[in-house]
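A short worksheet on the structure shown next.
The values are calculated or read from the model by the stated rules, or taken from the named source; none is laboratory data. The shown structure was predicted, so the numbers you read here are calculated from the model rather than taken from an experiment. Here Cβ is always computed from backbone atoms with ideal geometry, including for glycine, and neighbour counts include all displayed protein chains.
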Ligand code: NDP
Ligand code: MG
């Protein structure tokens, strides 16, 4: 039995993982969540977990009461989440949303567990640090993001030296066909509907702005150590081809599947084996066609910002992600408009670029957290100005 911990168990990725783990073959070690304490308690009992942790100290008492007499240990707070990630386990799946996932990722690999990583922010903020920590500890990192899992699978048995390019696909999100001039007035509700994937609110809005794809390009760069100019983004409205790898002989290996995260999660949970998974099988004849198009940079400025992040390297990923998280909060709170998000992030990157200490050899956890904090403050300042200017 594989001993597995689940971070962010109550989220969209977490629930899909709970579904797969509940089908058998695993021993649940630690489950973590946030405000949804009722569901976390239910999951812990359902899976027979040893420990349940909420990242919010104020939710501790409710979790304790709900799990009283069940034999499940209870803890709360960000440090307790990182400690949960370090509990002896074969595999830790990180489905936390945002930069809050970084410390638990580091804790898991330091403890030597295989890290199944849905939390792309860990790699965007601190890719070199996370990968070096994993290497030192002899821990394996497995991608759970669907595109990266697809690339990982296409690379089985291949030499990286034979890889010419990696192509990750994007649905184009909720506004793929909106007139550009309408985008500034898009609401959070409109942005939070995805044509194909059923995901958490934040990543769905990030899909509409393609900040999600921007994060994924950086994630691919950090995880596979591929230079930026060899990573391409392709709009593919059907979300059936998740990624393609192009080789030096002109061949391309594509990964196809239904848009169901249980495939990528299941692949990581069972790796290095393939197990039967409860996902829909593709009927290509019924689908009939697969469309592809190049993304329009005017519609998706986040993609250009990702190029700047990779060119700058060092702590710019942490800056980019933190500014994006703050801008997304602002958009969800209706303080700024949809198209303001990219402008805010660009402005913060510009101001942070003049800071010293943004280079690679300075990458310690403290520096990453400090860059993250500074970028959030600058983003809030910039948003304040934007909302004042627009009244
Ligand atoms: P959700 O918002 O659905 O879930 C997030 C989880 O993290 C919840 O369990 C939540 O708890 C918990 N959480 C929230 N804030 C914190 C915090 N500060 N510290 C620790 N835990 C916290 O997100 P998703 O499942 O959509 O996404 C999770 C990650 O996976 C993201 O990095 C996303 O980019 C990535 N991903 C997601 C995909 C998807 O299909 N959803 C696809 C590919 C990647 P609670 O809800 O109880 O408050
Ligand atoms: Mg993805």
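Worth a mention:
- Only one of the numbered conditions (1) more than 16 Å from ligand 2 (Cβ to nearest atom); (2) in contact with a strand residue (DSSP E or B) (Cβ under 8 Å, 6 or more places away or on another chain) is violated by residue 95, and that is (1).
- Evaluation of residue 243 against (1) under 22 Å from residue 317 (Cα atoms); (2) surrounded by 21 or more Cβ atoms within 10 Å (Cβ to Cβ) (one fails), failing number: (1)
- In the stretch 88-104 there is no residue that is at pLDDT 95 or above, more than 22 Å from the chain's Cα centre (by Cα) and either under 16 Å from residue 8 (Cβ atoms) or buried (at least 22 other Cβ atoms within 10 Å of the Cβ) (or both).
- Output for the stretch 184-199, where each listed residue is surrounded by fewer than 18 Cβ atoms within 10 Å (Cβ to Cβ) and at pLDDT 95 or above: 184, 185, 187, 188, 189, 190
- Residue that is surrounded by the fewest Cβ atoms within 10 Å (Cβ to Cβ) [pool: residues in the stretch 57-79 that are within 10 Å of ligand 1 (Cβ to nearest atom) and within 18 Å of residue 105 (Cα to Cα)]: 78
- Checking each residue in the stretch 98-115 for being within 16 Å of ligand 2 (Cβ to nearest atom) and at positive phi picks out only 98.
- Of all residues in the stretch 28-47, those satisfying the criterion of being surrounded by fewer than 23 Cβ atoms within 10 Å (Cβ to Cβ) and more than 24 Å from the chain's Cα centre (by Cα) are 38, 42, 45, 46, 47.
- Hey, residue 188 over 29 Å from residue 20 (Cβ atoms) and within 16 Å of ligand 1 (Cβ to nearest atom) or not: yes
- Options 375, 379, 347, 371; residue that is buried (at least 19 other Cβ atoms within 10 Å of the Cβ), modelled with pLDDT of 95 or more, under 21 Å from residue 187 (Cβ atoms) and out of contact with any strand residue (DSSP E or B) (no Cβ under 7 Å at 6 or more places or on another chain): 379
- Taking the numbered list (1) within 16 Å of ligand 2 (Cβ to nearest atom); (2) over 14 Å from the mean Cα position of the chain (by Cα) in turn, residue 136 passes all entries but (1).
- Restricting attention to the stretch 38-75, the residues that are touching a strand residue (DSSP E or B) at 6+ places or on another chain (Cβ under 8 Å) and either within 19 Å of residue 85 (Cβ to Cβ) or part of a loop (DSSP other than H, G, I, E, B) (or both) total 21.
- Unmet criterion (only one of (1) away from ligand 1 (no atom under 11 Å from the Cβ); (2) surrounded by 19 or more Cβ atoms within 10 Å (Cβ to Cβ)) for residue 202: (1)
- Being surrounded by 18 or more Cβ atoms within 10 Å (Cβ to Cβ) and more than 16 Å from residue 215 (Cα to Cα) is a description that does not apply to residue 124.
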